[in-house]
Amino acid sequence: MKLNKIFKWGMVVLILISVAILVWGFSAGFATPDKVALPATNVLLTWAAIMIGIALFCWIVIGLLISLKNDPKSVVKMGISLVAIAVVCLIAYLLAKGDPVPGTAVTATSGELKLTDTILNLTLIAGVGAIAAIIVGEIRLAIANKK
């Protein structure tokens, strides 16, 4: 079976599971076995985290296998990319203050606030990086077309 078919059917299965969780949760209600109601966002965010974990696992493992098969030297580039991503995440974590928003009655722990600030910092870094990439790409394209 080709790798594209595996990805296609895997994606279909994950989408069907996502839709099933969504429909089940809103029709039957999100609750623990002790009948304690959970906010729908908790369950959906947990499922989103699981989906991100699956995506990262597939990116690393399948990318590693394909890299080893096609070009073993590209594994070094993949390792450098993973280290760079880890460094950016560490910088975002170190820059996160974790202070509650003044004037609100937030009942989050300091760890949750630190994690939220880290995610906001990562979003900021990604946004600035995307804008910088667009500007640099357009400048390079203009220079290349001038020649």
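When we screen Lys73, Lys147 for residues that are of a type in the set (D, E, K, R), within 29 Å of Lys5 (Cβ to Cβ) and modelled with pLDDT under 85, the only hit is Lys73. Listed by first and then second residue, the pairs linking a residue in region 1-24 that is closer than 15 Å to Ile66 by Cβ to a residue that is surrounded by 10 or more Cβ atoms within 10 Å (Cβ to Cβ), with Cβ atoms under 8 Å apart and 6 or more places separating them unless they lie on different chains, are Leu3/Ile62; Leu3/Ile66.
Exactly one residue among Ala126, Ala86, Ala130 is under 14 Å from the mean Cα position of the chain (by Cα) and exposed (fewer than 11 other Cβ atoms within 10 Å of the Cβ), and that residue is Ala86. Of the residues making up region 106-147, those that are under 19 Å from Cys89 (Cβ atoms) and either in contact (Cβ under 8 Å) with a residue 40 or more places away in the chain or of a type in the set (D, E, K, R) (or both) are Glu112, Lys114, Asp117.
So, of the residues in region 77-115 that are outside any loop (DSSP other than H, G, I, E, B) and of a type in the set (Gly, Ala, Ser), which turns out to be farthest from Gly63 (Cα to Cα)? Walk me through it before giving the result.
Initial filter on region 77-115 (outside any loop (DSSP other than H, G, I, E, B)): 77-95, 110-115.
Filter again for of a type in the set (Gly, Ala, Ser), leaving 79, 81, 84, 86, 92, 110-111.
Details: Gly79: 11, Ser81: 12, Ala84: 17, Ala86: 17, Ala92: 26, Ser110: 36, Gly111: 32 Å.
So the residue we want is Ser110.
Among the residues here, Cys58 does not qualify as of a type in the set (A, V, I, L, M, F, W, C), within 20 Å of Glu112 (Cα to Cα), touching a helix residue (DSSP H, G or I) at 6+ places or on another chain (Cβ under 9 Å) and assigned to a helix (DSSP H, G or I).
Taking region 137-147 as the range and being surrounded by 10 or more Cβ atoms within 10 Å (Cβ to Cβ) and either within 25 Å of the chain's Cα centre (by Cα) or outside any helix (DSSP H, G or I) (or both) as the test, only Gly137 passes.
Starting from residues that are part of a loop (DSSP other than H, G, I, E, B) and either charged (D, E, K, R) or closer than 16 Å to Ile54 by Cα (or both), keep the ones in region 2-41 and report whichever is modelled with the highest pLDDT. Per the criteria, the residue is Lys2.
The values are calculated or read from the model by the stated rules, or taken from the named source; none is laboratory data. Everything numeric in this text was worked out from a predicted model, so none of it was measured. Note that we place each Cβ from the backbone using ideal geometry, even for glycine, and neighbour counts take in every protein chain shown.
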